[in-house]
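These notes are about the structure you will find just below.
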Amino acid sequence: MATTIDHPTRNSDNKPDYDSPLNREAFGENFKWGVATAAYQIEGAVNEDGRTDCVWDVFARKKGKIRNGDHARQACDFYHRYETDLEIAKELGFEQFRFSISWSRVMPDGHGLVNEAGIDFYNRVIDKCLALGMEPWITLYHWDLPQALEKSGGWKNRRIVEWFADYTAVCARAFGDRVKHWIVLNEPMAVAGLGYTTGEHAPGHTGIHNFLPVVHHLALSQAEGGRTLRRLLPDARIGNAVSCSYVYPHSQSAADVRAARRADALMNRLFIEPALGMGYPKDAFPFLSNIKRFMREGDRERLKFDFDFWGLQNYFSVVVQHSYLAPVMWLKEVPATLRNVPTTGLGWEVNPAGMYEILKQFSRYKGVRELLITENGAAFKDKLKEGQVADPGRQSYYQDYLAAVLKAKNEGINITGYFAWTLLDNFEWAHGYSARFGLVYVDFQTQGRTVKESGKWFAGFLKNAEL
Ligand code: NOJ
């Protein structure tokens with residue numbers, strides 16, 4: 001096992017000691033600075049130009065699934081406002097722009113037929129990025145599965161591996177002449193866990209029986225997507241983006257330490273290790289051996305792909321403890337709100353040390369060539385007052401997390417870029433519009449945009465202005 005992590009207990013003084021001043025120069029000239037977005041969260045225009053429903057359109061129409069009954073039919077209207085929004089990203093100083101492709105916009109049936117109007121939209125986005133001097137980074141799958149495929153079982157059906165490879169090939173051929181950076185899947189663990197097991201996300205399936213087949217089909221697809229891109233675009237830089245959270249045991253008891261290792265296997269190891277040829281992390285979580293029921297001959301090889309980079313998406317760390325009341329996992333989270341630690345508006349623990357630790361953890365894998373932070377950011381209850389949005393909590397979150405990234409980098413970890421999540425307040429999945437993550441405030445009544453104080457700080461940082 002490559003990741004023998006020791007599991008210290010979380011205490012308030014295990015903050016990294018930041019000795020370097022925080023400025024852009026300290027990260028080096030070649031460090032990539034970007035901002036990340038996702039199609040479903042910003043585009044709107046869900047019925048325009050031949051786009052068909054994705055699972056989130058259907059999910060949002062059901063009662064009680066999205067906070068306040070919100071939906072993404074208009075979202076940030078990025079579909080019509082992409083030019084000015086990209087100009088804002090550029091003004092803030094970002095040089096990389098990460099966005100995702102809506103699968104049902106470019107392939108209304110999920111496979112086969114291609115919708116040229118959908119392709120044209122992304123061509124316009126890419127061309128605008130390039131005209132502004134921003135590098136476009138494509139994420140192929142950011143959770144908006146075409147409903148047409150859900151009708152055939154979605155991620156439960158192994159045929160999705162072929163459908164996904166077809167879709168990948170269509171995107172590679174359409175955009176590969178101008179797009180050099182590709183991310184295959186975004187946070188596959190959220191799809192398997194929230195989308196197919198707890199039902200908090202679309203398509204809203206529940207039951208542990210879904211978990212293992214969905215994990216396996218996602219893990220096969222991430223590798224197959226990588227291979228398809230490599231075949232069609234030999235010069236592209238190909239990565240995959242995984243959620244990760246450093247896990248602390250609640251105490252040093254053997255049961256809590258084992259619970260932390262199980263949580264770590266699920267939250268941090270489940271998708272990277274099969275790609276690296278290490279198989280699923282059943283050493284820490286024996287339940288995962290049942291996945292062999294869904295494996296066919298040759299799958300261990302098929303799961304492997306040598307990604308050029310791994311995108312890490314880190315927001316918080318977690319503390320877990322053993323629990324007899326939670327069958328299968330036998331653990332429960334000790335929420336940050338009960339531990340008297342700083343939290344964001346979503347109750348997520350603010351712990352920059354967790355960012356530093358998780359970077360160290362992932363850097364220990366021999367097969368990892370390069371790491372980037374492809375998402376990091378914070379939601380707060382922002383208010384627009386007299387044309388200003390004062391959000392000191394977000395600004396200090398960014399400062400502290402960037403300092404943790406810098407410390408890891410200075411210790412020799414090959415981390416080459418950082419993407420803030422996110423440009424605009426947007427449709428935050430089951431939280432609807434109640435959780436604002438943007439550097440730019442969006443008034444959803446008028447579609448007005450206001451750069452928040454944190455956005456101004458970020459712009460100053462990127463322009464190397466005095467802080
Ligand atoms: C992860 C997801 O990729 C993104 O879509 C989401 O909005 C952020 N984290 C914040 O929850």
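Values computed for the structure shown
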| quantity | calculated |
| --- | --- |
| Extreme residue, surrounded by the fewest Cβ atoms within 10 Å (Cβ to Cβ), among residues of region 102-130 that are at negative phi and not in a helix (DSSP H, G or I) | L113 |
| Qualifying strands (runs of 3 or more DSSP E) (wholly inside region 177-282; at least 2 residues being within 16 Å of the ligand (Cβ to nearest atom)) | 181-186, 237-243 |
| Filtered residue count, region 396-419, keeping only those that are hydroxyl-bearing (S, T, Y) and closer than 16 Å to Y246 by Cα | 1 |
| Those residues of region 168-206 which are more than 30 Å from A263 (Cβ to Cβ), touching a helix residue (DSSP H, G or I) at 6+ places or on another chain (Cβ under 6 Å) and surrounded by fewer than 18 Cβ atoms within 10 Å (Cβ to Cβ), in sequence order | A169, R178 |
| So N290, is it of a type in the set (S, T, N, Q), part of a helix (DSSP H, G or I) and at pLDDT 95 or above | yes |
| Residues being of a type in the set (A, V, I, L, M) and either within 16 Å of the ligand (Cβ to nearest atom) or buried (at least 16 other Cβ atoms within 10 Å of the Cβ) (or both) - total across region 304-328 | 4 |
| Tally, over region 400-444, of residues that are in contact with an Asp or Glu (Cβ under 7 Å, 6 or more places away or on another chain), within 14 Å of the ligand (Cβ to nearest atom), hydroxyl-bearing (S, T, Y) and not in a loop (DSSP other than H, G, I, E, B) | 0 |
| Residue pairs meeting the criteria (Cβ under 6 Å; at least 6 apart or on separate chains; first assigned to a loop (DSSP other than H, G, I, E, B) and more than 14 Å from the ligand (Cβ to nearest atom), in region 332-351; second at pLDDT 95 or above and among the hydrophobic types (A, V, I, L, M, F, W, C)) | V334/V319; P342/V350 |
| Among the residues listed as T343, T337, the single one being crowded, with 16+ Cβ neighbours inside 10 Å, more than 18 Å from the chain's Cα centre (by Cα) and among the hydroxyl-bearing types (S, T, Y) | T343 |
| Residue count for region 443-467, restricted to those that are in contact with a helix residue (DSSP H, G or I) (Cβ under 9 Å, 6 or more places away or on another chain) and within 14 Å of F427 (Cα to Cα) | 1 |
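The values are calculated or read from the model by the stated rules, or taken from the named source; none is laboratory data. Keep in mind that this is a model prediction, so the values were computed, not measured. Don't worry about glycine lacking a Cβ; one is built from the backbone with ideal geometry, like all the others, and counts go over all protein chains shown.
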